[in-house]
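Read through the structure below, which is laid out as structure tokens, and then see the notes.
The values are calculated or read from the model by the stated rules, or taken from the named source; none is laboratory data. Because the structure is a prediction, the values reported are computed rather than measured. Heads up, the Cβs are rebuilt from the backbone with ideal geometry, glycines too, and the neighbour counts pull from every protein chain shown.
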Amino acid sequence: MKRFIACIVALAVLCSSQVVAGAALQVKAPAQIELESQRVEPITIQIGCKGEAVEITPSEAWFGIVGGLKTLEPKAKRSIKIWAEPNFSTVERRAVLSLKGLTSGNVKEIVVVQPPYLKTISDGFPVRMEAQRYDTELWQSRGVSTIKGRGAVLSAVSVSGNTLITINEHGATIAGMGAGDYFLFAVPVTKVEAGEQFDFMCTMTAMETTSPKYWIFEYWDSGRWNSVENTLRTAEEDSSIRYSFYNKYFRSAHHTTFAQTFYLSQPIENGCVKVRLRALTAGTGKVKLTGNSKYVSMQLLRYNKAPQARDKKRMLFIGNSFTYFYGTPFMFKEIARSEGHQVDIVVSVKGGQEFCEHLKLERSREAIMQGGFDYAFLQDTSPNAAKYADTKDVDIINACREINKLTKQYSPDCQIVYEHTWGCPYDDYRGYGSYERLDNLLEQGAKLLAEQLREYNIIVSSIGKGFKIGREQNLNLLHSDERHQSREGAYMKACINYLLIYKQPFTSSVSNCGVRAQTAQIIRDIAEQVVLNR
């Protein structure tokens with residue numbers, strides 16, 4: 001009898017518990033979530049549960065819950081924020097948000113639907129995002145910009161739940177980015193073969209002290225986001241942070257210049273090549289992808305027609321506006337890869353800087369101290385070579401000696417290259433009165449510095465000579481300000497530097513880097529004349 005009563009009591013306790021195994025999950029939630037095709041900021045939904053705790057899990061990588069995995073306690077009703085990437089495809093995509101009872105194991109699914117952003121797929125390569133003006137309405141209201149009508153799109157995605165404020169300031173600017181938020185860059189392609197190589201390049205600026213510092217570059221492949229592991233660096237203050245580049249605020253702006261090569265292991269057909277720059281550390285200050293005639297915001301280049309890379313070199317570029325106008329280091333990298341040479345570049349450029357100033361700049365010193373370079377292209381402020389030839393200013397040669405010394409300290413086997421820059425009519429030909437006098441002094445000064453610092457085995461890149469020949473052939477190698485390089489001038493500089501290193505004439509596969517084909521051929525002919533005496 002006692003045993004019978006005990007069984008009755010146990011049964012009563014079991015039946016009075018909040019959840020009976022197999023019972024329907026008691027949750028209140030929407031049956032379906034409808035996202036916008038280019039959703040930028042998270043949406044909010046309400047979920048409540050009774051009787052047991054519920055775990056909430058997204059089924060796909062393109063959307064998720066702000067803050068990651070969520071668990072709701074019984075009787076709780078909570079606002080849940082859902083973030084999602086834009087749907088860069090031509091078809092609707094569906095997923096589910098699973099609500100799983102932690103006691104019963106029962107699951108309820110919320111259907112997630114997102115329409116396509118693209119109407120058609122066309123080949124968007126190559127993409128050179130150098131826009132001086134974005135589609136202001138789209139960028140400011142949705143965080144999406146169509147670039148040069150080729151179908152490539154740029155967006156910003158909030159995983160942190162922060163409200164992203166978009167600003168059009170001669171480039172794509174975002175305020176409010178938190179840890180995990182990212183810029184997403186997608187380029188449509190009709191077909192990509194497995195194993196194809198791409199180059200991504202960008203210029204980014206931290207505009208406030210509260211801007212996120214550490215960033216990682218990732219590309220979409222094999223159904224997940226991948227980093228290029230062997231290029232990641234470790235933050236000094238936190239060894240758990242593995243980053244691609246840092247983007248720090250400087251009172252006198254010093255932009256971040258970043259380049260990354262990557263390969264796709266899986267083919268793509270009628271889809272998009274997608275890359276992203278993801279903030280690894282908290283910070284809500286403004287971040288800008290600088291974009292105007294001076295800076296290259298982003299480039300994504302495809303080398304499906306280039307020969308297989310037969311060698312690899314690591315190169316350093318230190319300079320000022322005579323280096324960063326139209327992205328001459330980027331052009332060098334593109335030319336080299338199109339000719340079958342893999343080049344990894346590290347760049348520190350800041351307007352108006354002399355060598356003595358670079359030696360004091362954190363970013364320039366950090367770039368040099370990365371070390372392991374095969375070549376270092378060092379470009380002093382343009383008039384200094386002429387000034388040295390004219391006055392033998394001891395401060396100029398001392399600064400050259402110090403930057404050489406620092407470069408060799410961290411790259412003992414590095415070949416240092418001085419860039420002999422070009423004459424221009426600006427400020428009465430830099431105060432020398434004529435093209436002829438300025439051209440001669442620039443050439444003399446560069447060669448004299450290399451000779452007097454012969455212990456560093458410096459070679460001189462005669463870019464100014466190419467500009468002189470181009471001017472005689474009526475090529476427009478100068479920007480509208482009559483001192484900086486135009487796109488064609490940047491190409492001339494990159495071509496001469498390339499030939500100086502590889503010492504072989506250009507092949508038919510060489511890239512024009514956005515320069516009109518006929519003009520590019522003339523520039524290459526001049527470069528071969530200058531370097532190879534052809």
Got a sec? Which of R314, R310 is assigned to a strand (DSSP E or B), more than 28 Å from H479 (Cα to Cα), at pLDDT 90 or above and among the basic types (K, R)? R314
Expected single match for in contact (Cβ under 8 Å) with a residue 12 or more places away in the chain, part of a strand (DSSP E or B) and under 30 Å from E92 (Cα atoms) among G271, G178 is G271
Filtering region 275-320 for residues that are basic (K, R), within 26 Å of T120 (Cα to Cα) and buried (at least 20 other Cβ atoms within 10 Å of the Cβ) leaves a count of 2
Would you check if E482 is assigned to a loop (DSSP other than H, G, I, E, B), closer than 23 Å to A385 by Cβ and assigned by TED's automatic domain parsing to the domain that holds G319? yes
First in region 350-364 and closer than 17 Å to Q409 by Cα, second anywhere and charged (D, E, K, R) and assigned to a helix (DSSP H, G or I), Cβ under 6 Å, 6 or more apart: L359/E402
Read through the list (1) part of a helix (DSSP H, G or I); (2) farther than 14 Å from T257 by Cα, then give the number of the only condition that K333 fails. (2)
Candidates V510, V460 - the one that is modelled with pLDDT of 95 or more, of a type in the set (V, I, T) and in contact with a strand residue (DSSP E or B) (Cβ under 8 Å, 6 or more places away or on another chain): V460
Quick one: which of E451, E482 is at pLDDT below 95 and of a type outside the set (S, T, Y)? E482
Might you check whether a residue that is under 33 Å from the mean Cα position of the chain (by Cα), aliphatic (A, V, I, L, M), in the same structural domain as S338 (by TED's automatic domain parsing) and under 21 Å from F322 (Cα atoms) occurs anywhere in region 433-440? no
Between Y219, Y243, which is surrounded by 15 or more Cβ atoms within 10 Å (Cβ to Cβ) and closer than 30 Å to S321 by Cβ? Y243
Hey, can you tell me all the residues within region 198-231 that are in a strand (DSSP E or B) and without any contact (Cβ under 8 Å) to a residue 40 or more places away in the chain? N226
Any chance region 377-384 includes a residue that's at pLDDT 95 or above, part of a helix (DSSP H, G or I) and crowded, with 18+ Cβ neighbours inside 10 Å? yes
Name the single residue that is modelled with the highest pLDDT among those in region 52-82 being out of contact with any strand residue (DSSP E or B) (no Cβ under 6 Å at 6 or more places or on another chain) and within 30 Å of G124 (Cα to Cα). W62
D135 is checked against (1) modelled with pLDDT of 80 or more; (2) under 28 Å from R302 (Cα atoms) and fails just one. What number does that condition carry? (1)
